[in-house]
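Chemist: Questions regarding the structure given below will be posed in turn.
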Amino acid sequence: MKTFISICFITILLLLAGCASIMTGLNPPIGQHPQVFERKITKIVSGRYLLFLPKDYVEEKKRWPLILFLHGAGERGDDLELIKRHGPPKIVEEQEDFPFILVSPQCPKDGWWSNDFLNALLDEVVTRYRVDKDRIYVTGLSMGGFGTWNLAIEYPDRFAAIASICGGGNPLEACKLKHVPVWVFHGAKDNVVPIKKSEEMVNALRECGGNVKFTVYPEAGHDSWTETYNNPELYEWFLKHRRQGSDRRE
């Protein structure tokens, strides 16, 4: 009897060992089988950016709306002065009463906008400065227009409104933004980023009931950003919107 019990015990141990080896991949079964994968990873991101604080930031102890501005391919590199060529970073050089905190990161040379970097940057700025989390906006031109779509699609609950200029994105994912106010701008004669790129995103949003405006400049080429960013209506439009579900007031 003892011998029989010992044999059974040894057999069970061998079976368990065999199962363990299969599960750990040491002795995988032949053929196709379902598997489960889970692994924790850690990623460190870093970068350079321009920060603008309104002239009344110190005196007015309130939380301020924030614009994240994404430049185009021509401003990539390690010289932050390049970012001041276009858009809000250019405007605030002469307009101290610009009513937003402005964050303008710089993309590395030959790089592309990283959602991990941009989201971490927003976390950093929100922690360090008096930012109204319900009034965070993102806008960008050309490569930054693509970056605007991509970032907002990945983090659709972070932004109160977005504005993409001569950019584009994945229309199959556009409906993730159906609850976010969107304003799209494009030049009809753009031969760098075809207007079709914006049309695809706008049409996809409209089909799922999105809140989207589309401005086309009939005579503009790729530079559809100068007229857009010089128009006070854009900033007034931003300030009309708070993150969905928020009813808090300053």
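The values are calculated or read from the model by the stated rules, or taken from the named source; none is laboratory data. This is a predicted model, so every value here is computed, not measured. Neighbour counts run over all protein chains shown; Cβ positions are idealised from the backbone, glycine included.
Conditions (1) out of contact with any His (no Cβ under 6 Å at 6 or more places or on another chain); (2) part of a loop (DSSP other than H, G, I, E, B); (3) surrounded by 11 or more Cβ atoms within 10 Å (Cβ to Cβ), marked per residue:
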{"position": "Gln35", "(1), (2), (3)": "yes, yes, no"}
{"position": "Ile41", "(1), (2), (3)": "yes, yes, no"}
{"position": "Tyr57", "(1), (2), (3)": "yes, yes, yes"}
{"position": "Lys62", "(1), (2), (3)": "yes, yes, no"}
{"position": "Leu82", "(1), (2), (3)": "yes, no, yes"}
{"position": "Pro89", "(1), (2), (3)": "yes, no, yes"}
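Chemist: Let me ask something additional. Residue check: is Leu26 modelled with pLDDT of 95 or more and either at negative phi or of a type in the set (A, V, I, L, M, F, W, C) (or both)? Walk me through how you get there before you give the answer.
Modeler: Working: modelled with pLDDT of 95 or more: no; either at negative phi or of a type in the set (A, V, I, L, M, F, W, C) (or both): yes.
The answer is no for Leu26.
Chemist: Inside the stretch 204-220, can you point out the residues that are surrounded by fewer than 19 Cβ atoms within 10 Å (Cβ to Cβ) and assigned to a helix (DSSP H, G or I)?
Modeler: Listed by number, the residues that qualify are Arg206, Glu207.
Chemist: Let me ask something additional. Within the stretch 104-119, identify whether any single residue is out of contact with any Pro (no Cβ under 6 Å at 6 or more places or on another chain), under 27 Å from Glu233 (Cα atoms) and of a type in the set (Asp, Glu), and answer yes or no.
Modeler: no
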